[in-house]
Amino acid sequence: MIEPDTVKLLRECDSGIKMGVAAIDEVLDYVRDEELRGLLTECKDEHNRLKSEIQVLLDKYHDEGKEPNPMAKSMSWIKTNVKLVMNESDETIADLITDGCNMGVKSLNKYLNKYKAADEQTKDITKKLIKLEEKLSVDIRKFL
């Protein structure tokens, strides 16, 4: 029997990855520093790699995954674009991405605690995603 918590946790990871990749895509054209660009691109690639792992599991459970909340996605887009119009700098980008990483870590930990019955493979993927978000947040601090 498929544990419902497994599918629910996979959906939340799927949604979080889509949100993270969209956020990185929104700012990449504005990045001036090549190191920052490299860190963001590397993180985006890792997100996409985890997305592929999640998609395999979602397909196994015949589930479509989950799109990010449209309101949250819209608010993120507005915040990003307003801040960049006011101050188009690597510091602004690092600030925006750090906020996004912190929100992602918080949400993923909440879902990891909520869906305790999820299988270990799904929990491990969630933990990898959390570590990825935490690492990016630390790596880009020097640009704040």
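The values are calculated or read from the model by the stated rules, or taken from the named source; none is laboratory data. Given the structure is predicted, the values throughout are model-derived calculations rather than measurements. Counting neighbours? That spans all protein chains shown, and the Cβs are built from the backbone with ideal geometry, glycine included. Side chains included, ligands, DNA and RNA excluded: accessible areas come from the protein's heavy atoms. Shrake-Rupley method; radii C 1.70, N 1.55, O 1.52, S 1.80 Å.
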Of the trypsin sites (Lys or Arg not before Pro) in region 1-85, those whose Cβ has at most 14 other Cβ within 10 Å and which sit in DSSP loop: Arg32
Between the Cα axis of helix 34-60 and the main Cα principal axis of the chain, the angle (0 to 90°, nearest 10) is 20 degrees
Heavy atoms only, 1.4 Å probe, whole protein assembly: order Leu132, Leu50 by accessible area, highest first. Leu132, Leu50
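Taking N as the number of residues in the chain, what value does Rg over Cα atoms divided by 2.2 N^0.38 Å take? Working shown, then result.
Working: Rg = 15.5 Å, N = 144, 2.2 N^0.38 = 14.5 Å.
In units of the 2.2 N^0.38 Å rule of thumb, it is 1.06.
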Pick from Val31, Val56, Val21: which is most flexible by mean-square fluctuation in a GNM of the chain where alpha carbon atoms under 10 Å apart are linked? Val56
Please list 3J(HN,Hα) in residue order for region 101-108, calculated via the Karplus relation 6.51 cos²θ - 1.76 cosθ + 1.60 where θ = phi - 60°; whole Hz, with x for glycine and proline. 4, 4, 5, x, 4, 4, 5, 5
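How high is the relative contact order of the chain? Use alpha-carbon pairs under 8 Å, at least six apart in sequence, and give a whole percent.
Numbers: 146 pairs, mean separation 60.1, N = 144.
Result for the chain is 42 percent.
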Of Asp45, Asp14, Asp90, which is the most mobile in a GNM of the chain whose springs link Cα atoms less than 10 angstrom apart? Asp45
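By the scheme Lys and Arg +1, Asp and Glu -1, what is the net charge of all other residues having a beta-carbon under 14 Å from that of Met86?
Values: positive: Lys79, Lys83; negative: Glu88, Glu91, Asp95.
Value of the local net charge: -1.
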Work through the residues other than Met71 whose Cβ is under 15 Å from its Cβ and net out their charges, Lys, Arg +1 and Asp, Glu -1. +3
Enumerate the calculated ³J(HN,Hα) couplings along region 82-97 in order (Karplus 6.51 cos²θ - 1.76 cosθ + 1.60, θ = phi - 60°), each rounded to whole Hz, writing x wherever the residue is Gly or Pro. 5, 5, 6, 5, 6, 7, 7, 9, 5, 4, 5, 5, 4, 5, 4, 5
Which residues among region 26-64 fall inside the zone where the amide N is under 16 Å from a point 7 Å beyond the Cα of Asn81, along Cα→Cβ? 26-30
